[in-house]
Amino acid sequence: MRTVEEYLHYLKGKGFQFQEDAVGFIYFGKHYTNASDEIINTAIELTLKAQKSFDGSFYVSLLETFIQNQINNRKDAISFVKNHELLAI
């Protein structure tokens, strides 16, 4: 499992460029929700897939939804968004 920092570095290698404010939102969401790196990384991934770029408010909202619904891993997060039709993935 990658840390958030490792995941952002991985995405940068794939061509995703995050502005400073986006990175700030990512770490704000992490501290605000106290979510695991796995959930943070999954929220980043799903945000990019849904929005085609990083949308900080969408990301934080998605994180809050995961925490409120006690989603603790990537598999459950993806199942949750599919089952609730939150994203077309």
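Among 52-62, 76-86, 7-17, the peptide with the highest mean count of other Cβ atoms within 10 Å heads the list, and the full ranking is 52-62, 76-86, 7-17.
Taking the chain as the reference, fit the longest principal axis to its C-alpha atoms, fit the long axis of helix 74-83 to the helix C-alpha atoms, and give the angle between the two in degrees, 0 to 90, nearest 10. With rounding to tens, the tilt is 60 degrees. Under the shape rule built on the C-alpha gyration tensor, where the axes satisfy a ≥ b ≥ c, segment 4-83 is prolate, since a/c reaches at least 1.5 and a/b is greater than b/c.
Where a number appears in this text, it was derived from the coordinates with a stated rule and is not lab data. What you see is a predicted model; the values in this text were computed from it and never measured. We place every Cβ from the backbone using ideal geometry, glycine too, and count neighbours over all the protein chains shown.
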